[in-house]
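Derivation of every value follows stated rules applied to the coordinates shown; laboratory data play no part. Model, not experiment: these values are computed from the prediction. No Cβ is skipped: glycine too gets one built from the backbone with ideal geometry, and neighbour counts run over all protein chains shown.
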Amino acid sequence: MDAPAIARVLRASFDEYRGLYTDRAFAVTTPSADSIAQRMEEGPTWVAQHGELILGTISAIARDDGLYLRGMAVCPLWRGQKVGWAMLEQVEAFARRAGTRHLYLSTTPFLSRAIRLYKNYGFLQSDEGPHEVLGTPLFTMVKRLN
């Protein structure tokens, strides 16, 4: 998989929100290609493609009773085209095959389109932390799979 292309998708997807993140939180949200390559060793990564073009990405890491989703992004020009939904379906199918009981993710309160997608997909807001990343507010969402 192309870590530099995934890094570009993350950057393009979050650039418009840069001013809402602290500098350090934005750097964590839009990791370098080297960091992406390391994530790919820690757990699965999916991409949505149109030909050779990567439209979106999501990765995951195993937790005690679930799969923690991270780094989900869809290129701005492809938003509203069900790319995010399709990636969530792929992740859920993977999780179900593995016998995973929950999907988790953390998001910032200002990513309203993403939050709407997660809610429509069945995620519910949780009181679990983390509640911030490097000075930027977060909240957790959970989807039970069984």
task = Sum -39500 (n - 2.57) across every DSSP H segment of at least 4 residues in the chain, then divide by the residue count to get the 222 nm mean residue ellipticity, nearest 500.
result = -11000 deg cm²/dmol
inquiry  = What does the extension gain come out to for Gln49 and Glu132, with contour length at 0.36 nm per residue minus their alpha carbon separation?
reply    = 26.8 nm
request  = Express in % the proportion of alpha carbon pairs of the stretch 4-110 at distances exceeding 18 Å.
outcome  = 49
ask   = Out of the DSSP beta bridges found with both residues in the chain, what percent are antiparallel (nearest 5)?
value = 85
message = Along the Cα→Cβ direction, 7 angstrom out, place labels at Asp64 and Phe94. What is the inter-label distance in nm?
response = 2.3
request  = In nm, give the distance between the simple-model label positions of Asp34 and Ser112, each being 7 Å from the Cα along the Cα-to-Cβ direction.
outcome  = 3.9
key: Where labels lie 7 Å past Cα in the beta-carbon direction, separation of Gln125 and Tyr17 in nm   = 1.5
key: Potential lengthening between Lys82 and Arg144 on full extension [0.36 nm per residue; Cα-Cα distance subtracted]   = 20.2 nm
